[in-house]
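Novice: Mind looking over this structure? Questions follow.
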Amino acid sequence: MIVQCCVCGKVRREDGAWDPADQHPSEKISHGYCPDCAREAFANINIPQKKESSARNFGVINLGGQARPVEVTERKTGTLVVVPLDGHMGDSREPPMDVPVNCFTPCASQEEAETRAGILVVE
């Protein structure tokens, strides 16, 4: 499956480099962000650096074609630490996990993240 940037249209090669889309044959495509577009798209996201912050940041991650609502607990270089949500207003029974920034779509609330996870489809 090819990963294509949803902003500029570049596609990710197996070695992780990004090329213009016209250099690849048509295959199944999943969308994400190339590193340049991800930096621009997520530059203004208010993600707390410490767990003690009262601000809560929700979104949807897309891993392997499955969309899941999550809460962001920490931001690292190129990755986010997220806790998958189970639909009970912040209660989660799963441990935190690191995910690439380009797999994350920010949402204004947990309700929005859960709604979007329920309707996002990757072909």
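The values are calculated or read from the model by the stated rules, or taken from the named source; none is laboratory data. It should be emphasised that the depicted structure is a prediction, and the values quoted were computed from it without experimental measurement. Positions of Cβ are backbone-derived with ideal geometry, glycine not excepted, and every protein chain shown enters the neighbour counts.
Novice: Within the range 101-122, identify whether any single residue is modelled with pLDDT under 80, surrounded by 13 or more Cβ atoms within 10 Å (Cβ to Cβ) and under 15 Å from the mean Cα position of the chain (by Cα), and answer yes or no.
Specialist: So the first thing to find is which residues in the range 101-122 are modelled with pLDDT under 80, and the list is 118-122.
Narrowing the set further to residues that are surrounded by 13 or more Cβ atoms within 10 Å (Cβ to Cβ) leaves 120, 122.
Remaining after also requiring under 15 Å from the mean Cα position of the chain (by Cα): 120, 122.
The answer is yes; a qualifying residue exists.
Novice: GLY65 fails exactly one of the following numbered conditions: (1) at pLDDT 80 or above; (2) at positive phi. What is the number of that condition?
Specialist: (1) is the only condition that GLY65 fails.
Novice: Which numbered condition in (1) touching a strand residue (DSSP E or B) at 6+ places or on another chain (Cβ under 7 Å); (2) at pLDDT 85 or above is the only one that ILE45 fails?
Specialist: (2)
Novice: Restricting to the range 68-90, and then to whatever is hydrophobic (A, V, I, L, M, F, W, C) and either modelled with pLDDT of 85 or more or outside the structural domain of PRO106 (by TED's automatic domain parsing) (or both), can you tell me which residue is farthest from the chain's Cα centre (by Cα)? First the steps, then the outcome.
Specialist: At the first step, the residues of the range 68-90 found to be hydrophobic (A, V, I, L, M, F, W, C) are 70, 72, 80-83, 85, 89.
Then keep just the ones that are either modelled with pLDDT of 85 or more or outside the structural domain of PRO106 (by TED's automatic domain parsing) (or both); that gives 70, 72, 80-83.
Details: VAL70: 9, VAL72: 10, LEU80: 9, VAL81: 11, VAL82: 10, VAL83: 12 Å.
Ranking the qualifying residues of the range 68-90, first place goes to VAL83.
Novice: Yes or no: CYS34 modelled with pLDDT of 75 or more, touching a His at 6+ places or on another chain (Cβ under 7 Å) and surrounded by 14 or more Cβ atoms within 10 Å (Cβ to Cβ)? Before you say what the answer is, go through the steps one by one.
Specialist: Values: modelled with pLDDT of 75 or more: yes; touching a His at 6+ places or on another chain (Cβ under 7 Å): no; surrounded by 14 or more Cβ atoms within 10 Å (Cβ to Cβ): yes.
For CYS34, the condition - modelled with pLDDT of 75 or more, touching a His at 6+ places or on another chain (Cβ under 7 Å) and surrounded by 14 or more Cβ atoms within 10 Å (Cβ to Cβ) - is not met.
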